[in-house]
Amino acid sequence: KPTGQVCSNVPTDKNDSVFQGLPARKKGKWIMVGRLDVNTSGLLIFSNDGNLVNFLAHPSSNIDREYLCRVYGDVSDKKIENLLKGVKINNELAQFSDVVAVKKTSKSKNHWFYVCLFSGKNREVRKLWKTQKLDVNRLIRLRFGPILLPDNLKPGGWKKFSKKEVLKLKNILEIN
């Protein structure tokens with residue numbers, strides 16, 4: 001998904017829908033796994049298998065998501081520690097399971113990090129950083145569980161999984 005598209009079946013006056021770039025289905029419809037906000041780019045998963053979509057999207061499945069984010073501000077070890085330990089957002093504990101700096105030292109106010117989390121609540125990555133008075137100004141989802149964003153996929157592009165790849169995914173996730 002490129003930035004600027006909405007995760008909705010219906011485009012808005014300002015933004016195209018992610019569904020507009022998908023191939024037409026002969027029967028059934030595309031179902032999206034989770035969402036990305038309009039300013040986030042990266043991996044989105046679509047399927048026509050409702051059971052698979054429900055499994056991937058449901059919090060009890062405990063599937064991690066990995067993002068690459070550019071954070072603006074003064075990042076300290078203490079702030080990273082807070083994000084790993086957990087912080088309250090709307091009276092609920094939220095935390096990253098992993099935070100890895102792309103480049104350790106830089107004089108720039110922008111810092112790149114790989115982050116992982118097991119939930120996918122609305123704007124959660126951005127809200128987590130915000131609790132530490134830091135702003136995310138670029139966010140890209142790279143991975144959803146065992147599914148990786150292909151390096152050679154252009155923004156707005158798509159890759160169809162073969163039946164064999166879907167079976168392999170279901171085996172990895174232990175889905176019948």
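Which of the three applies to the chain, rounded, prolate or oblate, going by the alpha-carbon gyration tensor with a ≥ b ≥ c and a/c under 1.5 meaning rounded?
Prolate shape, in that a/c is at least 1.5 and a/b is the bigger ratio.
What is the magnitude of the charge dipole of region 10-93 about its Cα centre, with +1 placed on the Cβ of each Lys and Arg, -1 on the Cβ of each Asp and Glu, and no other charges, expressed in debye to the nearest 20?
I would put it at about 320 debye.
How would you rank 159-165, 68-74, 145-151, highest first, on the average number of other Cβ atoms within 10 Å across their residues?
Highest mean packing first, the order is 68-74, 145-151, 159-165.
Which residue fluctuates the most in the chain, going by a Gaussian network model with Cα springs under 10 Å, if the choices are A94, A24, A57?
A24
Taking only protein heavy atoms and a 1.4 Å probe, what accessible area per residue, in Å², does region 1-63 have with all protein chains in place?
60
If you place +1 on the Cβ of every Lys and Arg and -1 on the Cβ of every Asp and Glu, how big does the dipole about the Cα centre of region 30-164 come out, in debye to the nearest 20?
360
Just read off the accessible area of R25 with the full protein assembly in place, 1.4 Å probe, to the nearest 10 Å².
80
Give me the distance in nm between label points sitting 7 Å out from Cα along the Cα-to-Cβ direction at K14 and S97, one decimal.
3.4
Order the following by accessible area, largest value first: L153, L167, L134. Probe radius 1.4 Å; ligands, DNA and RNA are ignored.
Per-residue accessible area, sorted high to low, gives L167, L153, L134.
Using a 1.4 angstrom probe on the protein heavy atoms only, could you order S61, S17 from most to least accessible area?
S61, S17
Based on the Cβ-Cβ distance from Y72 to A24, what FRET efficiency comes out when R0 is 41 Å, to the nearest 0.05?
0.50
Cα axis of helix 163-173 to longest principal axis of the chain: angle in degrees, 0 to 90, nearest 10?
40
Check G42: other-chain or 5+ apart residues with amide H under 5 Å from its amide H, H built from backbone geometry?
Sorted by chain and number, the residues that satisfy this are R141.
How do L139, L84 rank by accessible surface area computed with a 1.4 Å probe, from largest to smallest?
Largest accessible area first, the residues go L84, L139.
The values are calculated or read from the model by the stated rules, or taken from the named source; none is laboratory data. Not measured: the values here are computed from a predicted model. FYI the Cβ positions are ideal-geometry reconstructions off the backbone, even for glycines, and counts take in every protein chain you see. The protein model used for the area step is the full one, side chains on, heavy atoms only, and it has no ligands, DNA or RNA in it. Shrake-Rupley method; radii C 1.70, N 1.55, O 1.52, S 1.80 Å.
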